[in-house]
1. Given 37 °C and 0.692 mPa s, compute D for the chain with the Stokes-Einstein relation, Rh being the Kirkwood radius over Cα pairs; round to the nearest whole µm²/s.
2. How would Y21, Y15 line up from fewest to most surrounding beta-carbon atoms within 10 angstrom?
3. Could you put M36, M1 in order, starting from the residue whose Cβ has the fewest other Cβ atoms within 10 Å?
4. If contacts are Cα pairs under 8 angstrom and at least 6 residues apart, what is the relative contact order of the chain in percent?
5. In the chain, how many lysine pairs have Cα atoms under 29 Å apart, counting only pairs 8 or more places apart or on different chains?
6. How far apart, in nm, are the 7 Å Cα→Cβ label points at A77 and V5?
7. With θ set to phi - 60° and the Karplus curve 6.51 cos²θ - 1.76 cosθ + 1.60, what are the ³J(HN,Hα) couplings of segment 16-30 in order, to the nearest whole Hz, using x for Gly and Pro?
8. Run lengths n ≥ 4 of DSSP H only: what is the helix-derived mean residue ellipticity at 222 nm for the chain, with -39500 (n - 2.57) per run over all residues, to the nearest 500?
Amino acid sequence: MIKLVEIISTLKNQYQLRELYVNPAHVVFLREDTHMKSKLTEGMLPENLDTRQRFTRLQVHNGATGTEFIVVGDPIAIESKLKGSKKELLHG
């Protein structure tokens, strides 16, 4: 499992951050979320985010359906985290 930071919508177009743990084996796709970037420049996201921050829409397969999350970080950084979690022990 890897830890990511998810952006969730609360009441009245407000957003907050929370931790999300994802099994990399169940990730179906990653795509940059430019809509959330525009919300950041409009000042609608939490104040502690850097204005240069990028966001990724991540879909996780869970049986017959998929669930999407919006996480903090660009797709390349998220992919790197997902691949980094597949470390193997060398037997010698």
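1. 232
2. With the fewest neighbours first, Y21, Y15 line up as Y21, Y15.
3. The order, fewest Cβ neighbours first, is M1, M36.
4. This gives 29 percent for the chain.
5. Step by step, the pairs that qualify in the chain add up to 13.
6. So the label points at A77 and V5 sit 0.8 nm apart.
7. Once θ is set to phi - 60°, the couplings for segment 16-30 become 9, 9, 8, 6, 9, 10, 10, 7, x, 5, 9, 6, 9, 8, 10 Hz.
8. Values: 2 runs with 18 residues, N = 92.
It lands at -5500 deg cm²/dmol.
No lab work stands behind these numbers, since they all come straight from the coordinates. This structure is a prediction, so every number in the text was calculated from the model and none was measured. Note that each Cβ is placed from the backbone with ideal geometry, even for glycine, and that neighbours are counted across all protein chains shown.
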